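Below is one structure, written out as structure tokens, with a few remarks after it.
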Amino acid sequence: MNFNLDNLIRENIKKMTAYSSARHEFSGNARIFLDANENAFGSPLEEDYNRYPDPLQVSVKEKISKIKGVPPENIFLGNGSDEAIDLLFRIFCEPGKDNVIIFPPTYGMYEVCAEMNDVNLKKVPLTTGYQLDLGNIEEAIDPFTKLIFICSPNNPTGNSINRSDIEVLLNNFEGLVVIDEAYINYARQKTFIPELMEYPNLVILQTLSKAWGLAGLRLGMAFASQPVIDLMNKVKYPYNINTATQQLVSTALDNIITVNDWIQITVEQREWLREELTQLPFTQAVYPSDANFLLVKMDGAKKIYDFLAATGIIVRDRSKIILCADCLRITIGTPEENQLLTDALKTYKP
């Protein structure tokens, strides 16, 4: 494979000059800051939020580096993984010319970002076993294909994509392969992070919204070669991660033991809930999951969704998307919440 990153980058991105903030231009210690037109008197809050945040989130990246085993220069932090996804479109895809490939059913933001950026979207559906169709993928790739998005474990199906199939694409595709590992903490399959230096065309997305329980702070992570990360930092908005988020995330990252306990309980509850749901007379299938949710095929899924909503229990109706007819996606809750869900379902009369 002849991978050349320079051939993928949009010409206007190559030529652009990144915005240089006051905080970019100075590093070190100072007593007085009169460079960024901030309010020198402080803020109305107890914390001092009158200063702009670190544009490169150095201290947070250092903590993530130790947890993930990735050098800070190979880490990008975004306002959720959605920011990283959008940046990849803006950096590498020429509107109205280039295309990307996705594998439905999958995470919906890939398609939304393609539409926002006027980038052609090629859809190669997963097989009935929710795996990659390598033959049709090969046919779909053309000289204008810049990105391939693989969600693994996949949303909404919950399964991991076969590692060997992903490696085939990494070894043969001359664009970027983006592996979205939002649910990797719950998976039996290992992350692709150890292979990061082996594949210059690999980008890995992860998040603190799931296992870490920080969905409200909106912090996503991208791991890639330094040239790719440098481009993402060049194109992102200068202060994309606010000070409060950086502070709270930094504190949360010191609590990995608690997070690991939550992961263990969630995986145990996932198996318990699978058993309970399988025994319901209207359940057709509970699909294997490496995530913190289950995809469940049920007779009259829309009616069951409405029934649960009327009792105050909200799940996700996925019935209208490809390969998910009559399917509900059910997040693994606390043991108490899971019990209330199954108790409610046992009273349902088709």
Taking θ as phi - 60°, what are the ³J(HN,Hα) couplings along region 193-205 by the Karplus curve (6.51, -1.76, 1.60), each to the nearest whole Hz, with x for Gly and Pro? 4, x, 8, 4, 7, 7, 10, x, 9, 9, 10, 10, 9
Rounded to the nearest 10, the angle in degrees between the Cα long axis of helix 80-92 and the longest principal axis of the Cα atoms of the chain comes to 60 degrees
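Relative to the present Cα-Cα distance, how much length would full extension add between ASN255 and MET16 at 0.36 nm per residue of separation? Intermediate results must be reported in sequence, preceding the final value.
Numbers: separation 239, 0.36 × 239 = 86.04 nm, distance 4.02 nm.
Residue separation times 0.36 nm, minus the Cα-Cα distance, leaves 82.0 nm.
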Just need log10 I(q)/I(0) for the chain at q = 0.06, 0.12 Å⁻¹, Debye formula, equal scatterers on the alpha-carbon atoms, no solvent, rounded to two decimals. -0.25, -0.95
When DSSP beta bridges are limited to those with both residues in the chain, what percentage is antiparallel, rounded to the nearest 5? 55 percent
Within region 146-220, list the GluC sites (Glu not before Pro) lying in a DSSP loop whose Cβ has at most 15 other Cβ atoms in a 10 Å radius. GLU174, GLU198
Need the C-alpha centroid separation for region 123-137 versus region 45-60, integer Å. 44 Å
Diffing region 141-154: the Karplus 3J(HN,Hα) column from phi (6.51, -1.76, 1.60, θ = phi - 60°), in whole Hz with x for Gly and Pro, holds 5, 9, x, 9, 7, 9, 9, 10, 9, 10, 9, 8, x, 7
Distance (nanometres) between label positions extended 7 Å along Cα→Cβ at GLU94 and TRP272: 5.6 nm
Simple spin-label estimate for LYS303/ARG31, 7 Å along Cα→Cβ, in nm, reads 7.8 nm
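Rounded to the nearest 5, what is the percent of antiparallel bridges among the DSSP beta bridges in region 170-291?
Values: 4 of 8 bridges.
Beta bridges within region 170-291, antiparallel portion: roughly 50 percent.
Hey, what number do you get for the chain at 222 nm if only DSSP H runs of n ≥ 4 count, each worth -39500 (n - 2.57), divided across all residues, to the nearest 500?
Computed ellipticity for the chain at 222 nm equals -10500 deg cm²/dmol.
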Amide H to amide H under 5 Å from TYR49: which residues, 5+ apart in sequence or cross-chain, H placed 1.01 Å off N in plane? SER43
Could you tell me the distance between the Cα centroids of region 228-278 and region 18-44, to the nearest Å? 30 Å
Modelling each spin label as a point 7 Å along the Cα-to-Cβ direction, I'd like the PHE3/ASN242 distance in nm, to one decimal. 3.7 nm
Helix 256-278 versus the longest principal axis of the chain: what angle, 0 to 90°, nearest 10, using Cα atoms? 30 degrees
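Which of the GluC sites (Glu not before Pro) across region 1-50 are loop residues per DSSP, with 13 or fewer other Cβ within 10 Å?
Details: sites: GLU11, GLU25, GLU38, GLU46, GLU47; in loops: GLU38, GLU46, GLU47.
Sparse-neighbourhood loop GluC sites (Glu not before Pro): GLU46, GLU47.
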Output ³J(HN,Hα) for region 101-113: one whole-Hz value per residue in order, computed from phi by the Karplus curve 6.51 cos²θ - 1.76 cosθ + 1.60 with θ = phi - 60°, and x for Gly and Pro. 10, 10, 10, x, x, 7, 4, x, 5, 4, 5, 4, 5
Kindly express, to the nearest 10 degrees and within the range 0 to 90, the angle between helix 226-235's C-alpha long axis and the longest C-alpha principal axis of the chain. 80 degrees
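Every read-out reported here was derived from the displayed coordinates using simple, explicitly stated rules and does not represent laboratory data. Everything numeric in this text was worked out from a predicted model, so none of it was measured. Methodologically, a virtual Cβ is constructed for each residue, glycine included, from the backbone with ideal geometry; neighbour enumeration extends over all protein chains shown.
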